[in-house]
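Trainee: Just dropping this structure here.
The numbers here are math on the coordinates, done by the rules we state, and not lab data. Since the structure is predicted, the reported quantities are computational estimates derived from the model, not experimental observations. FYI the Cβ positions are ideal-geometry reconstructions off the backbone, even for glycines, and counts take in every protein chain you see.
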Amino acid sequence: MLEQGVASAEDIDRAMELGYNHPMGPLKLTDLVGLDVRLAIADYLYRTLEERQFEPPRILRDKVAKGELGKKTGKGFYSWSD
């Protein structure tokens, strides 16, 4: 949804928090875990299960390639400052 411009990271996370009662949305959680870590997990699942649904999204690959790894680098799906 973010990659296609349907919704912002904030809106996606808010929908998951309100709609599914998650403590935080998936994009904020990804920023905390690290986009590089999430990409490695998605790549492993994709290679192991050989199912297209597990192929990492282009936006994740692009952000990791740019060094936007989430909170640990100050930028991911969100901008982080201490």
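Trainee: Counting helices only, and only those DSSP H runs with n ≥ 4, report the 222 nm mean residue ellipticity of the chain as the sum of -39,500 (n - 2.57) divided by its residues, in deg cm²/dmol to the nearest 500. The partial results should precede the final answer.
Mentor: Working: 4 runs with 43 residues, N = 82.
Theoretical 222 nm ellipticity from helices: -16000 deg cm²/dmol.
Trainee: Please list the non-local residues whose amide H lies under 5 Å from the amide H of Lys75, H modeled 1.01 Å from N, same-chain partners needing a gap of 5 or more.
Mentor: It is Leu69, Gly70, Trp80, by chain and number.
Trainee: Give the residue list of GluC sites (Glu not before Pro) in the chain that are DSSP loop and have at most 13 other beta-carbon atoms within 10 angstrom.
Mentor: Glu3, Glu50, Glu51
Trainee: Explain nothing, just compute: Karplus ³J(HN,Hα) = 6.51 cos²θ - 1.76 cosθ + 1.60, θ = phi - 60°, for every residue of the range 39-46 in order, whole Hz, x for Gly and Pro.
Mentor: Karplus values, whole Hz, x for Gly and Pro: 5, 4, 5, 5, 4, 4, 4, 4.
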